[in-house]
1. Have a look at 40, 95, 111 and point out the one that is more than 16 Å from residue 137 (Cα to Cα) and touching a helix residue (DSSP H, G or I) at 6+ places or on another chain (Cβ under 6 Å).
2. Name every residue in the stretch 47-86 that is on the phi < 0 side of the Ramachandran plot, assigned to a loop (DSSP other than H, G, I, E, B) and out of contact with any strand residue (DSSP E or B) (no Cβ under 9 Å at 6 or more places or on another chain), in order of residue number.
3. Would you please name the residue that is farthest from the chain's Cα centre (by Cα), looking only at residues in the stretch 1-42 that are in a loop (DSSP other than H, G, I, E, B) and aliphatic (A, V, I, L, M)?
4. Considering (1) in a helix (DSSP H, G or I); (2) surrounded by fewer than 19 Cβ atoms within 10 Å (Cβ to Cβ); (3) modelled with pLDDT of 85 or more; (4) more than 16 Å from the chain's Cα centre (by Cα), say which one residue 132 fails and leave the rest.
5. Give the residues of the stretch 22-50 that are open to solvent by 10 Å² or more (accessible area, probe 1.4 Å), within 24 Å of residue 173 (Cα to Cα) and among the aliphatic types (A, V, I, L, M), sorted by residue number.
6. Residue under question is residue 61, and the condition is that it be under 16 Å from the mean Cα position of the chain (by Cα), open to solvent by 30 Å² or more (accessible area, probe 1.4 Å) and modelled with pLDDT under 90; does it hold?
7. Would you say residue 6 is open to solvent by 30 Å² or more (accessible area, probe 1.4 Å) and farther than 24 Å from residue 173 by Cα?
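The values are calculated or read from the model by the stated rules, or taken from the named source; none is laboratory data. Predicted, not measured: the structure shown is a model, and the values here were computed from it. Backbone-built Cβ (ideal geometry, glycine too); neighbour counts: all protein chains shown. Just the protein is used for accessible areas: all its heavy atoms, side chains included, with ligands, DNA and RNA removed. Shrake-Rupley method; radii C 1.70, N 1.55, O 1.52, S 1.80 Å.
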Amino acid sequence: MCRLLGADAGACVLEGDFRPEGRGGFKAVVLEGWDGAARPALEALQRMGSACNPSIRSLMELTPVPGAVLTALRRELVGDRAWYGAPYVEHYLRPTHLDESMYSIRWSEVPGAVRGIGIYRGRNERPFDEADRELLHLFHAECGALLGLPEEPPGVRLTPRERQTLGLLLQGLGDKQIAARLGISRFTVNQYTKTLYRRFGVQSRTALLAKVLGGQGGGTRRRERLPAAPPS
């Protein structure tokens, strides 16, 4: 897609808690062009959280539509003043000479989880236009399944409360926090968690999260490996 769109850098990532106050960083699936001088900008985005990019934050503030794909140019998401005034853009992105950008996200059936694609061109290069956006949107809608996204496995049907519990587990919350968020007892949370273990065929929380977040598409494909995000 970078070659087709004449882009200098691109990334496909998975986010398990896609909201402005989300916990933890993203999981890189495919990276292109983020080596050398551009690498610190990607590492900073993971370390600081995706919301530090004002365009991505704008996407986070939308109402989730499970299964839907939304693709937008940077200037459709945030104006020049907010973009160039953002500390992340000023201190991390602009030194890489990357500037013009567009973004595409697909919301998962799992609450809070999305697959996102970001495409960047260098400063002073031709801005992305509607034709570029349509091409990225078509690619994401038709070929995005190859890139992986947390979903319920075939045959697994979760109740609304089980979906809520799974979504909060993906955000890294403990039983006490989940109980407070849902207004139920810790014992009930524990029962929902055990039910999720049975439905997904696992025996631990770590195995559950690994299966939901990492069990798609036969493995991660990436050009570069980033350091793990620090604990929240």
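1. 111
2. Matches in the stretch 47-86: 61, 63, 78, 79, 85, 86.
3. For the stretch 1-42, the residue satisfying everything is 7.
4. Every listed condition holds for residue 132 apart from (2).
5. Answer for the stretch 22-50, where residues must be open to solvent by 10 Å² or more (accessible area, probe 1.4 Å), within 24 Å of residue 173 (Cα to Cα) and among the aliphatic types (A, V, I, L, M): 45, 48.
6. no
7. yes
Matching residues to (1) open to solvent by 60 Å² or more (accessible area, probe 1.4 Å); (2) modelled with pLDDT of 90 or more; (3) in contact with a strand residue (DSSP E or B) (Cβ under 8 Å, 6 or more places away or on another chain); (4) more than 26 Å from residue 23 (Cβ to Cβ):
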position: 116; (1), (2), (3), (4): no, yes, yes, no
position: 147; (1), (2), (3), (4): no, no, yes, no
position: 169; (1), (2), (3), (4): no, no, no, no
position: 179; (1), (2), (3), (4): no, yes, no, no
